[in-house]
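Trainee: What follows is a single structure, and I will ask about it in a moment.
Rule-based calculations on the coordinates, nothing more; no lab input. The structure displayed is predicted, hence computed values, not measured ones. Cβ placement follows ideal geometry from the backbone for every residue including glycine, while neighbour counts extend to all protein chains displayed.
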Amino acid sequence: MQRHPSIRKNVVIGILLFLLIPPMVSSYDQAVGEKTMQSVMGGNIFYVGGSGTGNYTRIQDAIDASSSGDTVYVYDDSSPYLESIIIDKSITLMGEDKTSTEINGSSLGSSLDTVTILSNNVTISELCITHNQGYHYQAAVKIKAKDTVLSNCIINKNEWVGISLANASFCQIEDCDLYENLVAIYLVNSRNNVLQNCTCHDNADAIT
């Protein structure tokens, strides 16, 4: 039996649509997700990693380009990020997933902290900050400010300190996992800080 030309044409069109729709839907979902994120967070969003046009390759470069009130969002597909990061403005630093978005300090000089917070009102979440090899109380996260929120992070396998609070106050550390650090949390001249819903195990010292 001979096939009708219009039927064959429709089949070809159907196959093409089947092949093209998934990437179109994926791009649409990503665009919608980014717009939703921006409407929830406010300010501008600077993306690190990922495949988007204009995304940064280094977290510090995105932080330097941002302003107070902005968000730096870090994708996990370029993880680990081998950086020492300084946050000197009131921004949000957010990873895609704390189990896979990693800032790794193993290649840093032994006098460097991995993440240093110098500005008030900084929020950090969904990151794994690990393998700082500092030799004298260097930290995975050093907070030298007020009103920092550190939540849903993994802080582990750091040679000295997991989280250091130096002259810090009114900070919140919540829903974090701290393990296999020499000292999980180290406080110097710090007061009125809150630690809640965190898991702390297999450190030489928990809080000093």
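Trainee: Seen from all sides and averaged, what is the projected area of the convex hull of the Cα atoms in region 54-142, in nm²?
Mentor: If I average the Cα hull's projected area over directions, I get 5.3 nm².
Trainee: Right, something else. Sticking with the crude label model, points 7 Å out along Cα→Cβ, report the distance from Asp77 to Ser110 in nm, one decimal please.
Mentor: It is 3.9 nm.
Trainee: On to the next question. With each label point set 7 Å from Cα along the Cα-Cβ vector, what nm distance links Asp64 and Ala166?
Mentor: Each label point lies 7 Å from its Cα, and together they span 2.2 nm.
Trainee: I've got another one for you. Can you give the FRET efficiency for Gln196 and Asn121, using 1/(1 + (r/R0)^6), R0 = 22 Å, r = Cβ-Cβ distance, to the nearest 0.05?
Mentor: With a Förster radius of 22 Å, E is 0.70.
Trainee: Next up: List every residue whose amide H lies under 5 Å from the amide H of Tyr56, counting only residues 5 or more places away in sequence or on a different chain, with H placed 1.01 Å from N in the peptide plane.
Mentor: Counting only residues 5 or more places away or on other chains, the set is Tyr47, Val48, Gly49.
Trainee: Under a cut-off of 15 Å between alpha-carbon atoms, report the aspartates and glutamates in cross-link reach of Lys157, not counting same-chain residues fewer than 8 places apart.
Mentor: Glu102, Asp113, Asp177, Glu180, Asp202, Asp205
Trainee: Amide H of Cys198 versus every other amide H placed in the peptide plane: which residues, excluding those fewer than 5 positions away on the same chain, fall under 5 Å?
Mentor: For Cys198, the qualifying residues are Asp175, Cys176.
Trainee: If each of Val149 and Glu174 carries a label point 7 Å out from its Cα toward its Cβ, how far apart are those two points in nm?
Mentor: Rounded to a tenth, the inter-label distance reads 0.7 nm.
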